Structure formats: structure tokens, C-alpha cells
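Just passing along the structure, written as C-alpha cells.
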Amino acid sequence: MTNQEVAKLLRNVAAAYSIKDEKKYRFQIIAYQKAASSIETLTKQLKDLYKEDDLNNIPGVGESIKNHLLELFKTGEVSHFRTVMGQVSQAVFPLLDIPSFGPKKAYKLTEHFNLTNPKTVIADIKKLAQSGQIAELDTFGEKSQKDILQALDEYSKGAGKTTRMVLPVANNIAQEVIKYLKKSKDVKQAYALGSLRRMKSTVGDVDLAVSSSNPQGAIEHFMNYPYKSRMIEKGTITASFLTSGKQQVDLMVLPPKQLGSLLQHFTGSKNHNVALREHAIKKGYSLSEKGIKLKNGSLKTFSSEEDFYNFLGMDWIAPEMRENKGEIELAIKRNLPKLVSLSDIKGDLHTHSNYPIEPSHDLGINSMQEMVDKALDLKYEYIGFSEHNPSVSMHTEKQIFSILSKRKAHIEQLNKSLKNQKTNNKNVRVINLLEVDILASGKIALPESCFDLVDAFLVSIHSSFGMEKKAMTERIIKGMSSPKAKILSHPTARMINNRPGINPDWGEIFEFVAKANKALEINSWPERLDLPDDLVFEAKAKNVKFIINTDSHAASQMDNMFYGVSVARRGWLTKNEVLNTKNDADFSSWINSK
DNA sequence: GCCGTTTTCGGCCCGACTGTTTTCAGTCG
């Protein structure tokens, strides 16, 4: 059972409790939901923690839920859960992933129409709505019935509560809508907030905030956005619509003097905000998007987010850190890490040119010279070319040696001409790297005779993703043990929304990497963002060093560095832990070290 | 059911919007 599935199970238990008696079980419901969200963000599989007898340190999981989990992994089910969930129709649960359906609505419908089959319940509800029977139900009406059909229709096309966009998709929507918003005289400033501002690897819906002295006017303008498919809601300070691509955009508008609390509130995360408000209660304050309610009941407003945090007795916290992982405590102690930023980056070490290396995977589309020009634009001091190794099955060892010899000479020639061209103190040095597969056996996909034709390897996994934990761990460590292997590229090999990624013992790999003076890559490709931020956070605690790379297959893609830096920031990395913030001389001495 | 820089008992974030009501329940973030 995966963490996702366990989390869903706990949420279902919470839903069953709220159906039974929401008041009576109020705090159990919150506890189960908290445990679910905590389990969802674990970096280790619960099942592994269970095997290692290590279920004691999961936040939100106490004695009671821990014992339920023990029973779950031991026997495959939990008698307490069965009792609680058995009191409602099993047909309730599939409905809970449909937007606008909560426990109460799902229960009322399944109960009244006696729906018991979880496999057909969605189709059953659709038929009932189409035949007009739902509108006749108490507390339902024509509009609710229509809304249900709408929600079911969108759900069938993939719009569930859990579907999420990758960052560039969300970013494009946000920029489009912001550009449109700024055309209105009622819009002073507009910002992208929520998980997009926190740069989470995926975004559920696009949250925007506007400061305006005429919120109604701003909302009207927002609602006239030309590329929307339908309105979801529209109030006096908030509104939402679905874009033509069926992505949800939420807006909140407040006057400029309340912009600080608005930014803070709408950036989240939910867990960060809850923790911040619990902290504020101890001081006698109550926080909301409107400002801070003081003990005497008056509302203090903030035009800047910095002032809002400062008033609570803490430093401003970078949005990427706002996940309630201890950032509030550090902000109070005025001891937050100074996060790495894009301008700290001095080189990109994972790029693919179109140099004819006859690789096992894809080539890039631009020449080395074109990629170098882009590196100069970005004011880098160095760029590493790391095309895939020549295909081992298609070539003899001799042929590979010949290809790599020519490539080495080509790079040396390129460096020579770059040195002579040096202008305006702008120069860049080319580093001769190679991305080499770690085969299932742990062997490197390159003959040893060719090792000296390259300065260093990025090693990576491109096949046999499903290996057992222990075998996978050994494979990676063996692959990284070659003295030339300095960087483990896109370590989990995940593809967001597509492939889950491998499951080795990360703790063991982190220890190896730190001890052997090697580095883990943070891959900036938006569908990868790999190492994922939560594992970066863990690896940092084990003194692992990182390199942020773009994995570009075209010069223009080197701009993706921004996304990788965001992953690093979400993992709380400072400049010291990111090796490609070093100057050329220092970086060179690391990459050539044995 | 969880948790501890006021607590091993007694607390537990805060508000917006809609559809159905005529003061609220349900959902969402």
C-alpha cells in the first residue's frame, strides 16, 4: 500500500466520522486529516518504516493511529476503520474526489437513493440528475442538480481534486491573466500566489491577488476574462473561473493598505498558516487575510508582508519555505538560512549539444558554440557538455574511443578559441563531461579504456526502474563508485504525472555521496524537478552537496535553471551546498578531484 | 486523536461564497 493510498484511507475515515456526527468527532476528523496530509508528504514509504519498526516520528500520527497502521500492514485491514466506514455506504467514497462533493452531499445522495455500489455510483448519480430526481430532494434544487452534472462532466474529463499542473503551465496561465488584469484601472498590483509562489513542483489551481481601491470593479474585470470556459463563483472580494483549458483560477482582492496580510494569507501553505495562527493566538492575536485582530478587538492592517511577519516577532520567510517544517521557529530566532538564488549560479553542467556522438538516447538541437553563446548571455563562468554516452550496443569499443577522442579534441579547440576571443571580461570555459547510464548491473555504460577521454561523468538511470530497494541501492552506489562519476543525475528518474521514480534507500545513498565528495543533481526540467524538494531537504541534513542543472537539449532551455533553483530553495539550500555557485577555479578543482 | 517555551489536561485557525434556507449547512483554501 502506497503513502497516497494510506492517506486516502485516513481521509475516508475522517469523512465517515463527519457523516456519523461532525460535532462529536470534530477533533478526530481534524486529527485524521492532519495525519493524512503528513503521510502524503513523507519521503519514505510507510511500509518501509513499518518494516524498520519506525512509525514513531511521523508528525500527526500518535499512539492510536500508529496502532491502526501497524494493524493495516500486518493484516491488510483495520477493524476500527471497518467499523467506522462500515456505517455508511461504500458508494460514498468514490464521490469524494469530485470537486464540490464533500462527505455530507455524498452521504445524502447515496442514502436517499439507496446507492451501494462504489463502482457504478458516479454513473448512477449522473442518471438521477439527468432525470431530474436530485432537484426534488430536500436542500437540493435545480441549480444544485445542474452543478452536479457540471462537476461530473468535468471530472470525467480529468478535473479531479487531485489533478495538478506542472509549473510552466501554471506560470503561463498566471502571467496571461495578470497581464489582462493590469489593463483595468481598478487593478493597482497583481500577484501570483499559492503553491505557484511557493514554487511547488505541481500546482492545483492558480491563485492570484490584486490590490485595489475598488474591489468590485476589479472582480468585474476579472470575470470578463476572454479565455474562460465558465464562472465558478463571484463574491465581493473573491472570485474564481475555469479557463478554456479547464484550469481553475482564484482571485482575492483587497485595498492596498491590506496587501501585506493578503499576500501572506493567499500564499499559504495551509499548514504554514495554521501554525502561524496558532503561534499568534498565544500572543493574543487573531490572523486573517484582512490583517491582525488585536486583544482589544481592533484590526491592524499591513501594506507589506515584511511588516506582517515582523509584527508577529519574526523575520520575513521566503515563500518556498512556508510548509511548516520548522521555518516559523527559525524566523522567531532570527536564524533563517540565506537561500541560494538564481544570480548565485555560475555554470550549467548538464547540457546536450548536437555534437554527433551517436548516443543511446537523444541529442540536443544546438551546436556547442550556440550553447556557449547562451552561457555567455547568462554570465556563466563555465558550461559542461554532457551528451549521452555513445550507444554501447551499436558500437565497438574502438569506435567509441574514436568518437570520444574527436569530441575531446573538438572541446579543446573550442576552449582555445574562446580564450582568444575574450572580450569585456566575459568568458566561459567548456568542461568535457558525459552523461553515462548506470546499467541494471551497476556497471557504467562506457568501456574503461575511454574514461580518460572525459573529465568527469554524470551518471544516471534510464532503464530498469522497478528494481527492489536493496538491489537498486547497490546499483546506484556501484555506479557512483567510479572515480570519474561525480554527479548522480536526476536521481529518482521520476516524470511528474507520468512515472513515480525509483525507490532505493536514500539515507544510504546520501551518506555515500557526502562521504565520497560527490554531488546529487537537482534537475531543472519542469517534468522532472529531480531530486524532489523534500528529498533535498533530507539530504541537506546529511551534508550532501548539490549541483543545479538544466538538462537542456536546446540553448533556450538553459533558462530553466530558475526552476531548479526553486527546488533548491524549497529544500532550504544555501549557496554553500550548491557546487555550481563556486567560481571556475574552485569548481574545476572539485570536478577533477579523485 | 494529537500535542506541549503558559498545558500529560484541555485546548484545537479563519474566513469567503453558494444554494438553500430565512439564519444556515456544506465546501473550499
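Please treat every number below as a calculation from the coordinates, not as lab data. Keep in mind it's a predicted model, so treat the numbers as computed, not measured. All Cβ positions, glycine included, derive from the backbone under ideal geometry; neighbour counts span all protein chains shown.
Among A:Pro447, A:Thr396, A:Leu433, flag the residue with its Cα farthest along the positive direction of the charge dipole of chain A, charges on Cβ as +1 for Lys/Arg and -1 for Asp/Glu.
After comparing all options, I get A:Leu433.
While we're on this one: For every other residue with a beta carbon closer than 14 angstrom to the beta carbon of A:Met314, add +1 if it is Lys or Arg and -1 if Asp or Glu, then tell me the sum.
Summing Lys/Arg as +1 and Asp/Glu as -1 gives -1.
Another question about this same structure. How big is the gap, in Å, between the Cα center of region A:193-225 and the Cα center of region A:76-131?
Taking the Cα centre of region A:76-131 as reference, the centre of region A:193-225 is 33 Å away.
Pull up the cross-link candidates among the lysines for A:Lys188, meaning alpha carbon to alpha carbon under 23 Å and not fewer than 8 places away within one chain.
In chain and number order, the partners are A:Lys179, A:Lys228, A:Lys234, A:Lys257, A:Lys290, A:Lys300.
Hey, what angle do you get for helix A:561-570 against the long axis of chain A, alpha-carbon based, 0 to 90 degrees rounded to 10?
That helix lies at roughly 60 degrees to the long axis.
Can you give the net charge of the other residues whose Cβ lies under 12 Å from the Cβ of A:Tyr382, counting K and R as +1 and D and E as -1?
Local net charge: -1.
Taking 0.36 nm per residue of separation and subtracting the Cα-Cα distance, what length does fully extending A:Glu5 through A:Leu137 add? Display every interim value, and only then the final one.
Details: separation 132, 0.36 × 132 = 47.52 nm, distance 3.31 nm.
Extra length from A:Glu5 to A:Leu137 when fully extended: 44.2 nm.
How many angstrom separate the Cα center of region A:325-402 from the Cα center of region A:433-498?
For region A:325-402 versus region A:433-498, the Cα centre distance is 16 Å.
Rank the residues A:Leu299, A:Leu434, A:Leu181 as a footprinting-exposure proxy: fewest other Cβ atoms within 10 Å of their Cβ go first.
So the residues, fewest neighbours to most, are A:Leu299, A:Leu181, A:Leu434.
How compact is region A:48-102 by the rule of thumb for globular proteins, expressed as Cα Rg over 2.2 N^0.38 Å? Don't skip to the answer; put the middle values down first.
Details: Rg = 14.2 Å, N = 55, 2.2 N^0.38 = 10.1 Å.
Normalised Cα radius of gyration, region A:48-102: 1.41.
Taking Cα atoms, how many degrees apart are the long axis of helix A:397-421 and the longest axis of chain A, rounded to 10 and kept between 0 and 90?
The angle comes out near 90 degrees.
Starting from 0 in steps of 10 Å, tell me what percent of the Cα-Cα pairs of region A:310-410 lands in each bin.
Distribution as computed: 13, 28, 18, 16, 15, 9, 1 percent.
Please compute the volume of the convex hull spanned by the alpha-carbon atoms of region A:1-115 and report it per residue in Å³.
Measuring per residue, one finds 103 Å³ for the Cα hull of region A:1-115.
Sticking with this one: So what does the Cα-only Debye profile of region A:278-337 read at q = 0.13, 0.18, 0.25, 0.29 Å⁻¹, as log10 I(q)/I(0), no solvent term?
Evaluating at q = 0.13, 0.18, 0.25, 0.29 Å⁻¹ gives log10 I(q)/I(0) of -0.34, -0.64, -1.13, -1.32.
Now for a separate question. Suppose we take every Cα in region A:119-239 and form the convex hull; what volume per residue is that in Å³?
133 Å³
I need the semi-axes of the equivalent ellipsoid of region A:364-504: take the C-alpha gyration tensor, multiply each eigenvalue by 5, square-root it, list largest first in whole angstrom. Intermediate values should be presented prior to the final figure.
Working: eigenvalues 189, 72, 31 Å².
Over the Cα atoms of region A:364-504, the semi-axes work out to 31, 19, 12 Å.
Work out the P(r) tail for region A:201-316: percent of alpha carbon pairs separated by more than 20 Å, whole number.
The calculated P(r) of region A:201-316 puts 47 percent of pairs beyond 20 Å.
How would A:Leu137, A:Leu152 line up from fewest to most surrounding beta-carbon atoms within 10 angstrom?
On the way: A:Leu137 15, A:Leu152 21.
Lowest to highest Cβ neighbour count: A:Leu137, A:Leu152.
Would you mind classifying region A:456-496 by shape? Square roots of the alpha carbon gyration tensor eigenvalues, ordered a ≥ b ≥ c; an a/c under 1.5 is rounded, otherwise it is prolate if a/b is larger than b/c and oblate if not. Don't skip to the end; give the middle numbers.
Details: a/c = 2.74, a/b = 1.32, b/c = 2.07.
Oblate is the answer for region A:456-496, as a/c is 1.5 or above yet b/c matches or exceeds a/b.
For region A:65-154, which semi-axes, largest first and in whole Å, follow from the square roots of 5 times the eigenvalues of its Cα gyration tensor?
For region A:65-154, the semi-axes come out at 31, 12, 11 Å.
Below 19 Å, Cα to Cα, which lysines can A:Lys470 reach? Residues fewer than 8 away in the same chain don't count.
A:Lys44, A:Lys47, A:Lys51, A:Lys443, A:Lys478
Right, here's the next one. Give me the aspartates and glutamates in straight-line cross-link reach of A:Lys346: C-alpha distance below 16 Å, same-chain residues under 8 apart excluded.
The reachable aspartates and glutamates, counting only those whose Cα sits under 16 Å from A:Lys346, are A:Asp373, A:Asp377, A:Glu381, A:Glu521, A:Asp551, A:Asp559, A:Glu577, A:Asp584, A:Asp586.
Also, quick follow-up: Taking only the C-alpha atoms, wrap a convex hull around chain A and report its volume per residue in Å³ as a whole number.
Given the Cα convex hull of chain A, per-residue volume reads 186 Å³.
Over all directions, what mean area does the Cα convex hull of region A:454-565 project, stated in square nanometres? Mind dumping the intermediate values first?
Numbers: hull surface 28.3 nm².
The directionally averaged projection comes out at 7.1 nm².
Any chance you could count the Lys pairs in region A:358-431 whose alpha carbons are under 29 Å apart, treating pairs 8 or more apart or on different chains as valid?
Lysine pairs meeting both conditions in region A:358-431 amount to 24.
While we're looking at this one, here's another question. Tell me the net charge near A:Gln258. Cut-off is 15 Å between Cβ atoms, A:Gln258 excluded, with +1 for each Lys or Arg and -1 for each Asp or Glu.
Here the count lands on +1.
Just want the ordering: A:Phe302, A:Phe385, A:Phe512, from fewest to most Cβ atoms lying within 10 Å of their own Cβ.
A:Phe512, A:Phe302, A:Phe385
Using alpha carbons only, what's the Rg to Rh ratio of region A:74-114 with Rh from Kirkwood?
That ratio equals 1.06.
Related question: Step through the table entries A:Lys127/A:Lys161; A:Lys24/A:Lys157; A:Lys20/A:Lys127, compare each Cα-Cα distance with 32 Å, and write down the pairs that go over it.
On the way: A:Lys127/A:Lys161 22 Å; A:Lys24/A:Lys157 37 Å; A:Lys20/A:Lys127 27 Å.
Where the Cα-Cα span goes over 32 Å, the pairs concerned are A:Lys24/A:Lys157.
Answer with one residue from A:Pro215, A:Leu9, A:Leu488: the one whose Cα lies farthest towards the positive end of the charge dipole of chain A, charges on Cβ with Lys, Arg +1 and Asp, Glu -1.
The residue sitting farthest along the positive end of the dipole is A:Pro215.
Let me ask something else about it. Using +1 on the beta carbon of Lys and Arg, -1 on that of Asp and Glu, and nothing else charged, what's the dipole of chain A about the Cα centre, debye to 20?
1200 debye
Below 8 Å, C-alpha to C-alpha, sequence gap of six or more: please give me the relative contact order for region A:458-532 in percent.
RCO, region A:458-532: 35 percent.
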